[in-house]
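What follows is a single structure, written as structure tokens, with notes after it.
Where a number appears in this text, it was derived from the coordinates with a stated rule and is not lab data. Because the structure is a prediction, the values reported are computed rather than measured. For neighbour counting, all protein chains shown are included, and Cβ atoms are generated from backbone atoms with ideal geometry for every residue, glycine included.
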Number of protein chains: 4
Amino acid sequence: MTDTVELPRSKRAEATKARILEAAINEFANHGLAGARVDEIAARAGANKRMLYVHFGSKEELWLQVLEHVYAHKREEERALDVGNLHPQEAMARLVRFNLRYTARHPEFVTLLNQENMHQARYLGTSERVQALYSPLLDLVREVLARGAAAGVFRRDAEPLQTYVTLVALGHFYVANLHTLSAVFQARLSSEAALGAREAHCVEVLLGYLRP
Amino acid sequence: MTDTVELPRSKRAEATKARILEAAINEFANHGLAGARVDEIAARAGANKRMLYVHFGSKEELWLQVLEHVYAHKREEERALDVGNLHPQEAMARLVRFNLRYTARHPEFVTLLNQENMHQARYLGTSERVQALYSPLLDLVREVLARGAAAGVFRRDAEPLQTYVTLVALGHFYVANLHTLSAVFQARLSSEAALGAREAHCVEVLLGYLRP
Amino acid sequence: MTDTVELPRSKRAEATKARILEAAINEFANHGLAGARVDEIAARAGANKRMLYVHFGSKEELWLQVLEHVYAHKREEERALDVGNLHPQEAMARLVRFNLRYTARHPEFVTLLNQENMHQARYLGTSERVQALYSPLLDLVREVLARGAAAGVFRRDAEPLQTYVTLVALGHFYVANLHTLSAVFQARLSSEAALGAREAHCVEVLLGYLRP
Amino acid sequence: MTDTVELPRSKRAEATKARILEAAINEFANHGLAGARVDEIAARAGANKRMLYVHFGSKEELWLQVLEHVYAHKREEERALDVGNLHPQEAMARLVRFNLRYTARHPEFVTLLNQENMHQARYLGTSERVQALYSPLLDLVREVLARGAAAGVFRRDAEPLQTYVTLVALGHFYVANLHTLSAVFQARLSSEAALGAREAHCVEVLLGYLRP
DNA sequence: AATGAATGAGGATTCATTCAT
DNA sequence: GATGAATGAATCCTCATTCAT
């Protein structure tokens, strides 16, 4: 009996496809759509270049699937958040921390998004799964804001969408600009200490703003 | 001994170089370093491709000069800001608005920065003019924070660097993600109305946070 | 010791092979040897690509079998012609008409032949069934010419081979160049009317020439 | 003084383009559109592959230009024909011989035409120079037919277009099928003797048909 | 006999860069 | 300083063919 059980045929193909996607996320995140190399992706995936085309059709379609994948992944983690029985302020702090930490753990999300924005969302615009991109986090923000306002601990004029964008921005920007900020301020902002400090600050900002 | 006087290059050569830089900013902003085409830059500049190499040496060196140029441009406008005789809250609001509006007016700044971050600031890291990148805005933030704290209208625990980063993030993120946000929320966030609303919100967030 | 009796292959296998051949005729006729796609042939045949290799060995061998097949098919129809009891002139007219109509009904014959000529008959040259390619039509022409000459209704100096080639040429060329002729003369030469007119003309030419 | 005078710049580019076209005619004639290799064309032309794209844009556009070129070349030679002061029969014989000889001297014309027909004249169909393809030979045929009829040496019912097609077919088919005919009849039809015999026969056929 | 996955060589096309004038 | 032509290395993609069930 051995562990290296031969995968059933379709499973094996599925695995190849998954490895290619994984490698593509990496390559695209590091080099962008134009800078990424199809050969490199295949090589890193330990797959034949042809398979990339069998499974994804073209570099651009692969790009789209990568985008959809990282979006879906973040949405999934957001969906798993449960702040329903936390005090509004603690709940909001949790959301802020989650976002910052997720972004720091997944810098590829930031890079890919930025690239797609450079392309004016041309690819996402054609996605049929675009609706799946809608953020559960926005709903959570909305709900927590309402609870906080009702409880009198939050100001009543905070708009959910703006607040959501701000919340996301606080984490996203820091990660997105880690390198240039570090260069300009000659600091290692990616250290856990720096990240922790940033996290505390972001919570302060949002809760400070929301004070009634 | 001779002073290394700047040679009075022919006006025409200077103009050609300027046109190439201009075209490069555009091309790089729209397509990134890898996606940009040297032919296109030369064509748009109405210059011979060879001139690009005469003036800039290589595509990568041109990229670096573009980065330095857009950074310098923003710093220049920041330096022109004068909030010294404004009330701290009005001064801070002014800084927030300035940053958002500048970013909105210069989306290329955002795109280029994001690209450079993807490259882990490899090019800026080698820049000898990096010190010129240091932000006057940060000094302004520091000074206004101090004035506000002294006057008792701002909290005393706001760190200048964190506050500066937050201030910049609020504008930058919005512009950087205009397209994907628009796609996801099916809205035209680039309208003046939307931008105005965002501006008001950002001011609210920062001033709300800074309340003692 | 066993006789190498032809194994009664499964009916199913036989059918698969036939479908592949059919699909190959089409694909080769439309795209030529180099332009034809093995994947497409298999797909059109509703067969697995592997089967193509099992039954035919390679794309080139398949090409040869296709050639032999279409040649054999024409020869078969020629063999079925019976003009023995027709008056020489009517017999010759019949041969002309047959050839033109057959060619029009089987444009793939023309295309495949042309391709093979481009290849300088490299594949047919290696065929072991080449003798099967000898044309019964030539024998018919020879015989009718002889009868006509004997009867005094045909000139006596018409050489059978040249006459055969001319007869074939009259139909073949028209079909072979249908598209470019149509383009150049801006006419729809593939209509039944046009084909009928051409048929009448060809008969006129050959019988006119054969007048004593 | 040396003969290898350096060509003025644009002349040199022109020469490169011409060499590429020349090489392309050869490669396309021998291998067809799909079978031709761009690398091979460039190599044979002694040119860099890139130049092919600079001058022609793509393989398909090069194919079109090749077609237009060979057509134009034949039309030019046809235009140079002068049979106005020959006796109708001699004039017609001259046209037949010219066509057969031209075709034999330019087998690439036949191959290319056949290929384009296989593609259903897709490329010529998009040509803007299609009108240039109209055949002066057709006009000559028309004129000679009229003169012959008027002089009472030709039948009066010969249609010019049909007669033209027949005339062209007689030569074209022979050249087009030289290889398969040789294979089937085990003869060397490309010898001068065979060609001469074919020429005599073709003249006989046409003049025989045209007898009143 | 049949299948789906995989392969590696090769194909058209594009790129940043340099040469010759 | 400026130009048009040229270059060779890559880049994306495709193909006929084979492997492992």
(message) Tell me which DSSP H helices of chain B clear both cut-offs, 15 Å or more of axial length from alpha-carbon atoms and a mean Kyte-Doolittle hydropathy of at least 0.0.
(response) B:136-151, B:160-176, B:192-210
(request) Sum -39500 (n - 2.57) across every DSSP H segment of at least 4 residues in chain C, then divide by the residue count to get the 222 nm mean residue ellipticity, nearest 500. (result) -24000 deg cm²/dmol
(request) For D:ALA15, place a label point 7 Å out from Cα along the Cα→Cβ vector, do the same in each other copy, and report the separations in nm, one decimal, smallest first. (result) 3.7, 6.1, 6.6
(request) Kindly give the semi-axes, whole Å and largest first, of the ellipsoid equivalent to the range D:7-57, taking each as the square root of 5 times a Cα gyration tensor eigenvalue. (result) 21, 10, 8
(message) Under the convention of a label 7 Å out along Cα→Cβ, give the distances in nm from B:LYS49 to the same position in every other copy, shortest first.
(response) 1.6, 2.3, 3.7
(message) If I take R0 = 22 Å and measure r between the Cβ atoms of D:LYS49 and A:GLU22 in this structure, what FRET efficiency does the formula 1/(1 + (r/R0)^6) give, to the nearest 0.05?
(response) 0.05
(request) Counting other beta carbons within 10 Å of each Cβ, put D:VAL165, D:VAL141 in order, fewest first. (result) D:VAL165, D:VAL141
(message) Can you return the aspartates and glutamates within cross-link range of C:LYS17? Criterion is Cα-Cα under 17 Å, with same-chain partners fewer than 8 residues away left out.
(response) C:GLU6, C:GLU27, C:ASP39, C:GLU40, C:GLU60, C:GLU61, C:GLU68
(message) Counting only GluC sites (Glu not before Pro) that sit in a DSSP loop (anything but H, G, I, E, B) with at most 12 other Cβ atoms within 10 Å, what is the longest stretch of chain B containing none of them?
(response) B:7-127
(message) At 7 angstrom along the Cα-to-beta-carbon line, where would the label on C:ALA197 sit relative to the other copies? Give the distances in nm, shortest first.
(response) 3.6, 7.0, 9.1
(request) Compute the distribution of all C-alpha to C-alpha distances in chain C, in bins of 5 Å from 0, and list the percent of pairs in each, rounded to whole numbers. (result) 1, 7, 13, 15, 15, 14, 12, 9, 6, 4, 2, 1, 0, 0
(request) With r as the distance between the Cβ atoms of A:ASP82 and B:GLN186 and R0 = 30 Å, compute the FRET efficiency 1/(1 + (r/R0)^6) and round to 0.05. (result) 0.60
(request) Just name one of D:SER191, A:ALA91, A:ALA187: the one whose Cα is farthest towards the positive end of the charge dipole of the protein assembly as shown (beta-carbon charges, Lys/Arg +1, Asp/Glu -1). (result) A:ALA91
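Using 0.36 nm times the number of residues separating C:ALA13 and C:ARG97, minus their current alpha carbon distance, what extension gain do you get?
On the way: separation 84, 0.36 × 84 = 30.24 nm, distance 3.83 nm.
Stretched out fully, the C:ALA13 to C:ARG97 stretch lengthens by 26.4 nm.
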(request) Please report the relative contact order for the range D:28-157, taking Cα pairs under 8 Å with a sequence separation of at least 6, and give it as a percent rounded to a whole number. (result) 33
(request) Take the Cα radius of gyration of the range C:32-117 and divide it by 2.2 N^0.38 Å, with N its residue count; two decimals is plenty. (result) 1.44
(message) Cut-off is 10 Å between beta-carbons; in what order do A:PHE173, D:PHE109 appear when sorted fewest neighbours first?
(response) D:PHE109, A:PHE173
(message) Less than 9 Å Cβ to Cβ from D:LEU100, Lys/Arg counted +1 and Asp/Glu -1: what total charge do the surrounding residues give?
(response) +2
(message) For B:LYS11, give me every one of the aspartates and glutamates with a C-alpha distance below 18 angstrom, ignoring sequence neighbours fewer than eight places off in its own chain.
(response) B:GLU22
(request) Please order C:SER191, B:SER127 by the number of other Cβ within 10 Å, starting at the fewest. (result) C:SER191, B:SER127
(message) Only four residue types carry charge here, +1 at the Cβ of Lys and Arg and -1 at the Cβ of Asp and Glu. Report the dipole size of the protein assembly as shown about the Cα centre in Debye, rounded to the nearest 20.
(response) 320
(message) Suppose every Lys and Arg Cβ carries +1 and every Asp and Glu Cβ carries -1, with no other charges. What dipole size does chain D come out with about its Cα centre, to the nearest 20 debye?
(response) 80
(message) Over the Cα atoms of the protein assembly as shown, what radius of gyration and what Dmax do you get, in Å?
(response) 39.8, 130
